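Right, one structure below, let's go through it.
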Amino acid sequence: MAAAPASAPTHSPASSSSSACRAGICSGGTTRPNLHSAAASAPGWRRRREPYPAVSVAAGSAQSAPGAVPVVDPKVDVLLDSVKWDSKGLAVAIAQNVDTGAILMQGFANKEALAKTISTRKATFFSRSRSSLWTKGETSMNFINVHDIFLDCDRDSIIYLGKPDGPTCHTGAETCYYTSVYDALQSSKPNEGRQVVTTLYSLEDTISRRQEEIVTEGGGKPSWTKKLLLDNQLLCSKIREEAGELIQTLLENEDQSRAASEMADLLYHAMVLLRVKDVKMEEVLEVLRKRFSQSGIEEKASRSKS
């Protein structure tokens with residue numbers, strides 16, 4: 001079967017046994033808090049009002065209005081105290097795309113920034129240059145809508161796992177990480193369209209570039225991907241063929257490596273079809289994420305009614 005193009009190194013969304021703030025917490029054998037109430041966001045960059053209630057934060061946080069008597073959640077206070085803040089009261093805070101796994105940006109957070117992020121579900125940081133809190137998107141409106149928060153095993157760094165409303169970098173790039181060290185060593189200029197991508201997204205990018213070459217170069221160097229992009233009947237027949245061969249690995253009890261190989265072929269050809277349909281893998285993964293809390297039987301029933 002056709003081999004998928006070479007891909008970039010992989011990474012996966014970061015995880016930890018410690019997340020944020022609806023249960024008791026941490027040291028001394030007690031339970032770590034949990035922030036698993038992931039809020040669904042709409043496809044692409046369209047914004048959607050957050051349907052989940054904010055978590056109350058401790059007195060003195062950015063969420064407290066002047067003169068108001070805040071509702072204090074002691075679990076949040078305990079969580080904030082459990083973080084190993086540095087001598088300046090800061091910890092590294094990284095924003096990561098909940099669907100693609102892409103690292104979006106890195107900043108710093110203090111207790112107040114983390115408390116505000118927990119409460120508002122908008123990624124909030126502490127600006128060392130301005131000595132003040134700032135919420136990503138407060139100027140550009142490109143907020144990062146936080147679905148979960150993770151602490152690392154040493155509890156001295158934070159990940160905001162969320163869905164961005166738009167490009168994260170001030171340059172207009174989707175992520176601040178688009179400069180490859182190895183490219184720079186070869187005197188290549190940074191490409192803002194490039195991201196720190198997993199194997200899946202490296203493949204998607206390769207397929208997209210093959211489509212661009214058809215337009216800009218009138219075909220250019222021949223490739224199997226270009227041939228598929230130009231022939232819908234061939235593409236559909238290959239998807240049917242690869243699906244059948246994957247099924248056979250089960251029916252004929254073939255080994256795991258064979259099943260993995262056939263699945264790779266099917267996934268590659270299916271992703272070419274998505275490119276033809278102008279559908280991104282991020283959209284597919286977002287649909288899957290939104291189905292996590294729904295029964296598969298219920299989901300299928302809702303599709304038949306609509």
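The values are calculated or read from the model by the stated rules, or taken from the named source; none is laboratory data. What you see is a predicted model, and the numbers here were worked out from it, not measured in a lab. Methodologically, a virtual Cβ is constructed for each residue, glycine included, from the backbone with ideal geometry; neighbour enumeration extends over all protein chains shown. Areas reflect the complete protein model, heavy atoms only, side chains present, ligands, DNA and RNA absent. Shrake-Rupley method; radii C 1.70, N 1.55, O 1.52, S 1.80 Å.
Which residues, counting only those in the stretch 235-246, are open to solvent by 40 Å² or more (accessible area, probe 1.4 Å) and in contact with a helix residue (DSSP H, G or I) (Cβ under 9 Å, 6 or more places away or on another chain)? 236, 241, 245, 246, listed by residue number. Applying a threshold of 6 Å to beta carbon distances and a minimum spacing of six or more residues, or different chains, the list of pairs starting in the stretch 120-138 at a residue that is surrounded by fewer than 22 Cβ atoms within 10 Å (Cβ to Cβ) and ending at one that is small (Gly, Ala, Ser) reads 133/62; 133/113; 134/127.
Residues in the stretch 170-184 that are of a type in the set (Val, Ile, Thr), surrounded by fewer than 17 Cβ atoms within 10 Å (Cβ to Cβ) and assigned to a loop (DSSP other than H, G, I, E, B): 171, 179. For the stretch 214-224, the condition of being part of a loop (DSSP other than H, G, I, E, B), of a type in the set (S, T, N, Q), outside the structural domain of residue 101 (by the TED database) and open to solvent by less than 90 Å² (accessible area, probe 1.4 Å) holds for at least one residue. Applying a threshold of 7 Å to beta carbon distances and a minimum spacing of six or more residues, or different chains, the list of pairs starting in the stretch 264-292 at a residue that is under 13 Å from residue 201 (Cβ atoms) and ending at one that is open to solvent by less than 40 Å² (accessible area, probe 1.4 Å) and among the small types (Gly, Ala, Ser) reads 275/208.
The rows are residues; the columns are (1) within 27 Å of residue 215 (Cα to Cα); (2) open to solvent by less than 50 Å² (accessible area, probe 1.4 Å); (3) under 30 Å from the mean Cα position of the chain (by Cα).
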{"residue": "230", "(1), (2), (3)": "yes, no, no"}
{"residue": "248", "(1), (2), (3)": "no, no, no"}
{"residue": "282", "(1), (2), (3)": "yes, yes, yes"}
{"residue": "290", "(1), (2), (3)": "no, no, yes"}
